[in-house]
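The next block holds one structure in the form of C-alpha cells; read it before the comments.
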Amino acid sequence: MSRASKRLLPRSLFGRLMLIMLVPLLVLNGVALQIFYGSHLDLVSRRLSGAVAGEIGAIIDAMDRWPAQRDWLLWEAHDRFDLEMRFRPGARMVPRRGTNVLGPADDDLRRALTARLHRKFDMDWTTDPRQVLLHIQLRDGVLDVKAPRKRLDTGTIYLFLLWLVGVAALMFGIAAWFVRRQVRSIGRLARAAEAFGLGEDPGMIKPEGAVEVRRAATAFNRMQERIRRFLAQRTEMLAGVSHDLRTPLTRLRLNLAMLPEHPDIPGMETDLDEMERMIDGYLAFARGERIEQAALVPLPPLLEELADGARRAGVAMTLGPPPQAALRLRRDAVRRAIANLIDNAGKHAHHVRLSAEISARAVWILVDDDGPGIPPDQREGVFRPFESGAAGGTGLGLTIARDIIRAHGGDIMLEESPLGGLRARVRLPLAETKAAPHHD
C-alpha cells in the first residue's frame, strides 16, 4: 500500500471499521442502481418513448394522406391515445433550447421522435409538471402535442432511490452505533494501558464489550496487579537493603575515627561518604516509588529548581529559556533523575548547560557539558548497574535514572554535545489535554 493511500485512510479503529462497512454498502447500492436504473429503467423508458413517438408519427402520416380528415384525426388521437393535439396552419416553429431533466425519459423521447418523424421538433418538460409539450414542424404549419408525462416517465425511480438510500442510511447508523460501543471499550483499555505505562494508577478497568475485549481487559487487570506486586517487592527490597547497609557503614565510620592518624584514612572517609550518599539516594527513590503519584507538572519551574540546586552545589550552570509545557509525571522522581545527570556532568566538566526543546508529542530536556565526553561505544555501558569509570555516576545512579524516565514513557540517550563534551538527552511525553472522549 502506497504512502498516499495510507494518508487517505482513517487512522482510528472506529474510522476503519466504518470504512469496512461503508465500502461494501456503497458497492451494493451502486450495483443495484446500475441494474435498475441503467438496465431496467432504461429499457422501460425506451419502450414508452417509442410508443408515444410511434403514435404521433402515425397521426402525422394520416394527416398527410387525408388532409380533409385532419380534425377527426386530432380528436381520435386525444380519445384513443390520450394525446392532446392542436394544429396551427401556416405557423413556423421557433427553436428553443431544451432543459435536461432527471432520468433517461427526455433523451429517449428525443431519439425516438428523431427516428420516427424525420421532422424538426422541440420539447418542453418544465412548463407543465403533468404534461410534455411537443412542437413539430409540418409542411403547412406546426402541430402542438401535449403528451401525459405519466406515459413517458416512471415514478418508481424516486421511490426506489428513497428506499435504497433510506435503508442504507438506517443500516449504517445502526452499525455505527454498535461499532461505537465496541470501540469505546477498546479505547478505554488503550487509555488505561497508556496511563499505566506512564506511571499513573488508572485502577482496575471494567471488562465490557465483546468477548475478546473483555478477555483483554481482564488480562490487563491481572498484568497490572502482577506488575504492581513486582514493583512493590523490588522497592521494599531496595529500601531494606539500603537501610541495612547503614549499620555496617556507621560501624566502619566509628572504627576509622578510633584509628590513629594515617594517610589513607581521609580517602577511606571519602569512600564512606560516597557510599552513604548512594544509600540516601536509594532510600529516597524507594520512598518516592511507594508514595508519589503522577501529577501535571509545569516544565519551567522544574528546570529552574534543578538549575538553582546545581548552582548551590557548586556547579557552573547555565539555564536556557524554558519552553511553556506541562508534563504528567512523578515530580520528585524525575527531578532526582535529571539532577543526577547534572551532578555527573558537573564532576567531569567546567560548565554545564540545561535547556529544553518541544517536539510534536514530547519534551526533550538537554544536559550539555564541556567535559571529556564518553566514546560512542562506551555510552550505553554507563547505564549498567555498578558501572565504574570516568562516566560512572554516584547517588541515584544512571541505571535508576533511566528506569525512572522509562517508567514515564520516555528515555535517556547520550550523544556528543555542542559544548564539546557529553549531552544527555531526556525525552518525556507531553501531557495530553483532557477533552471529551473521541471514539473515532
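Each reported figure results from applying straightforward, stated rules to the coordinates on display, with no laboratory input. These figures come from a predicted structure and were not determined experimentally. Reconstructed Cβ throughout: ideal geometry from the backbone, glycine too, with neighbour counts over all protein chains shown.
A few notes on this one:
- Computed P(r) (all Cα pairs; the stretch 31-84; 10 Å bins; percent): 23, 35, 19, 15, 7, 0
- Projected label points at T318 and T218, each 7 Å from Cα along the beta carbon direction, are separated by 6.0 nanometres.
- Extended-chain gain in nm, criterion 0.36 nm per residue less alpha-carbon gap, R406 and N100: 103.3 nm
- Of A175, A313, A333, the one that fluctuates the most in a GNM where the chain has Cα springs shorter than 10 Å: A313
- Positive minus negative residues near R427 (Lys, Arg vs Asp, Glu; Cβ under 13 Å): +2
- Sorted ascending by nearby beta carbons within 10 Å, beginning with the fewest, M275, M63 become M275, M63.
- Spin-label model, A176 to A91: label points 7 Å out along the Cα-to-beta-carbon direction sit 5.3 nm apart.
- All Cα pairs of the chain, percent lying beyond 33 Å: 63
- Estimated FRET transfer efficiency when R0 is 51 angstrom, pair H351-R16 (beta carbons, to 0.05): 0.45
- Size estimate for the stretch 292-434 follows the Kirkwood approach: the inverse of mean 1/r over distinct Cα pairs works out to 15.1 Å.
- Under 9 Å, Cβ to Cβ, from E415 - net charge with Lys/Arg +1 and Asp/Glu -1: +2
- Environment charge at P321 (Cβ cut-off 13 Å; Lys +1, Arg +1, Asp -1, Glu -1): -1
- Remark: the stretch 403-420, residue by residue, has Karplus-estimated 3J(HN,Hα) of 4, 5, 5, 5, 5, 8, x, x, 6, 10, 10, 10, 8, 6, 8, x, 7, x Hz, where x stands for each Gly or Pro and the curve is 6.51 cos²θ - 1.76 cosθ + 1.60 at θ = phi - 60°.
- Eigenvalues of the alpha-carbon gyration tensor of the stretch 10-154, scaled by 5 and square-rooted, set the equivalent ellipsoid semi-axes at 44, 15, 12 angstrom, largest first.
- Per-residue extension of 0.36 nm, minus the Cα-Cα distance of A190 and A210, leaves a gain of 5.7 nm for this segment.
- Mean residue ellipticity, 222 nm, helices only, the chain: the sum of -39500 (n - 2.57) across DSSP H runs of n ≥ 4, divided by residue count and rounded to 500, is -18500 deg cm²/dmol.
- Mean silhouette area of the stretch 292-343, derived from the convex hull of its C-alpha atoms and averaged over all directions, reads 3.5 nm².
- Crossing angle, helix 331-348 versus the chain [Cα axis fit, 0-90 degrees, rounded to tens]: 60
- Residues E261, E274 arranged by fewest to most Cβ contacts within 10 Å: E261, E274
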